[in-house]
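Only the coordinates and a few stated rules stand behind these numbers; no lab work does. Small disclaimer: the values here were computed from a predicted structure and weren't measured. Quick reminder, even Gly has a Cβ in these numbers, built from the backbone with ideal geometry, and neighbours come from all protein chains shown.
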Amino acid sequence: MSGIYKYLILNKLKLIIQFHQNDLTFNDIKKLKQSIIVDLNYDPSFNYIIDLRLTTVKMSLNELQLYGNWVQDTLNTNHKNLALLTSNPYQVSNALLFKLNDNIKSLHYDVYSTMEGALGHVNVDLSNLDYIENEISKMKVLN
């Protein structure tokens, strides 16, 4: 099944949401991050929520480390918080492996199973919860 890779930049919240659905692969996630960086609304100081709840990770341990290193090298201008939002143990284990990459210094990753936890990590007030969940719902593709 092919992957769905989308993003949304919420300027008022200083937040970038990466949304993934179906298969998550090294090349496609890298292409998405490159698209974000060249977006005219991109701000390197913004935090990220990376929504993996509807994905199947199709990356090897080596690819997870390579992607982490690439992200660190690409986004290393500022310290930022990145919340990895997961829904099952397999996603959690892959996210934790990504988080434990010793080469990632200025990016503070953490793994969450709830949007409330993710919002706290990226310093977004919980009053924005419904708005953000609604925006993510718009990105979903019904199978």
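Given R₀ = 41 Å, what would the calculated FRET efficiency be for Ser2 paired with Asn123, taking r from the Cβ atoms and rounding to 0.05? Could you put the intermediate results ahead of the total?
Details: r = 34 Å, r/R0 = 0.82.
That pair, Ser2 with Asn123, gives E of 0.75.
Around Ser2, under 14 Å between beta carbons, what's the net of Lys plus Arg minus Asp minus Glu among the other residues?
Numbers: positive: Lys6, Lys31, Lys58; negative: Asp23, Asp28.
Summing Lys/Arg as +1 and Asp/Glu as -1 gives +1.
Give me Tyr112, Tyr131, Tyr48 ranked fewest to most by other Cβ atoms within 10 Å of their Cβ, as a rough exposure proxy. Present the calculation step by step, with values, prior to reporting the outcome.
Numbers: Tyr112 19, Tyr131 13, Tyr48 24.
The fewest-first ordering by Cβ neighbours comes to Tyr131, Tyr112, Tyr48.
Once you list every other residue whose beta carbon is under 12 Å from the beta carbon of Asp28, what net charge do they have if Lys and Arg are +1 and Asp and Glu are -1? Numbers along the way, then the final one.
Numbers: positive: Lys6, Lys30, Lys31, Lys33, Lys58; negative: Asp23, Glu63.
Residues close to Asp28 contribute a combined charge of +3.
Let's test the formula: R0 of 25 Å, r as the Cβ-Cβ distance of Ser113 and Leu40. What FRET efficiency results, to the nearest 0.05?
Details: r = 33 Å, r/R0 = 1.33.
It comes out at approximately 0.15.
Want the number for Asn134 to Phe26: 0.36 nm per residue separation, take away the alpha-carbon distance, what's left?
Numbers: separation 108, 0.36 × 108 = 38.88 nm, distance 2.72 nm.
Length gained between Asn134 and Phe26: 36.2 nm.
Name the residues whose placed amide hydrogens come within less than 5 Å of the amide hydrogen of Tyr7, ignoring near sequence neighbours (fewer than 5 apart) on the same chain.
Sorted by chain and number, the residues that satisfy this are Phe19.
Residue separation times 0.36 nm, minus the C-alpha to C-alpha distance between Val141 and Trp70: what's the value? Display every interim value, and only then the final one.
Details: separation 71, 0.36 × 71 = 25.56 nm, distance 2.80 nm.
Working it through step by step, the gained length comes to 22.8 nm.
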